[in-house]
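Report on the structure given below.
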Amino acid sequence: MELGIGHNRARRVMRLFGLGPKRKAKNHYRTPATAVRPAPRNLILELGLVAARPGHLWACDFTYLKCMGRWYYLATVIDLFTRELVGWSLGRHHDTDLILGALYDALSHYDPPQYLHFDRGSEYLSEKHLDVCANLEITISASHKASPWQNGYQERWNGTFKQELGSLQAVRDEGELMERVAAAICYYNLDRIHTKLKTSPRKFRLAYEEIIAKRSGEKVHSDKVMQESGA
């Protein structure tokens, strides 16, 4: 879509120049941990929830980045309606503070969502994280045990992001790593064409908000006309 060509032509060009898709990186094993509280129900599965508007349904997760011989952890929050990455946090440890950092980043730009979905990692089932959600009146949902596909949008985003981020071997310090990650997220939100949306997530959200504002304006105008006419 970005190049304005079809799939067949893209394949011919790729074969001509010996280009191929990048191999998916090997998954880093997550050590299971015991959570303080039991996991909530999977409301997406039980209720058949589908994101109906921005802020209706968010999903969160974290992934691993190998850089400078160490593991770094990137926690993210995605709006499932606009597919926009609304919040993120990068750190050396995958703990509750990391995932709360991503949530707070999202809440600094947007109102709390109606639903928040995550997997059964101990970070997300910690008392601190669940208390924050409860205080914000966010209804929580969790995937079933050992069922990463139930948080498929986040899993897909993690894999695509790391492939497009590319090699981090040339990164010299944590500041440069943070800059690389921020630039890649900015590109994803603002410029990268999402196949489902046919545009970037941010442009999709702005177009949606413009349509809603226009409809609201039309309704206000209609109500005013009816009031003035005595209807």
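Evaluating kT/(6 pi eta Rh) at 25 °C and 0.890 mPa s, with the Kirkwood radius of the chain over Cα pairs in the Stokes-Einstein relation, gives 124 µm² s⁻¹. Among complete DSSP H helices in the chain, none has alpha-carbon atoms stretching at least 20 Å along the helix's long axis together with a mean Kyte-Doolittle hydropathy reaching 0.5.
Highest mean first, the peptides 184-190, 64-70, 46-52, 5-11 sorted by other C-beta atoms within 10 Å per residue fall in the order 184-190, 64-70, 46-52, 5-11.
The residues Phe204, Phe17, Phe118, when put in order of fewest to most other Cβ atoms within 10 Å, stand as Phe17, Phe204, Phe118.
For segment 80-171, trypsin sites (Lys or Arg not before Pro) meeting the loop criterion (DSSP other than H, G, I, E, B) and having at most 12 other Cβ atoms within 10 Å: Arg92, Lys145.
How charged is the neighbourhood of Gly18? Take every other residue with its Cβ under 13 Å from the Cβ of Gly18, and add Lys/Arg as +1 and Asp/Glu as -1. So the environment of Gly18 carries a net charge of +3. Placing unit charges on each Cβ (+1 for Lys and Arg, -1 for Asp and Glu) gives the chain a dipole about its Cα centre, and among Leu107, Ser167, Ala184 the Cα reaching farthest toward its positive end belongs to Ser167.
Residue exposure proxy: Arg180, Arg53, ordered by other Cβ atoms within 10 angstrom of their Cβ from fewest to most, comes out as Arg53, Arg180.
Legend: residue pairs Lys66/Lys145; Lys162/Lys203; Lys66/Lys196; Lys145/Lys198, Cα-Cα distance threshold 28 Å; pairs beyond threshold, Lys66/Lys196; Lys145/Lys198. Only Lys, Arg, Asp and Glu carry charge here, each on its Cβ (+1 for the first two, -1 for the last two); on that basis the chain has a dipole of about 1460 debye about its Cα centre.
Set Lys and Arg Cβ to +1 and Asp and Glu Cβ to -1, take the dipole of segment 94-197 about its Cα centre, and tell me which of His129, Gln154, Thr139 lies farthest positive. Farthest towards the positive end: Gln154.
Centre-to-centre, using Cα atoms only, segment 158-199 and segment 77-98 are separated by 13 Å. Using 0.36 nm per residue and subtracting the Cα-Cα separation, the extra length available between Glu210 and Phe17 on full extension is 65.2 nm. Quick check: net charge around Ser200, other residues with Cβ under 12 Å of its Cβ, Lys/Arg +1 and Asp/Glu -1? That sum, taken over residues with Cβ under 12 Å, equals +4.
We did not get these values from a lab; they are worked out from the coordinates using the rules stated. Only a predicted model underlies this, so the values are computations on that prediction, with no experimental measurement involved. Neighbour counts are summed over all protein chains in view; Cβ atoms, including those assigned to glycine, are modelled from backbone coordinates with ideal geometry.
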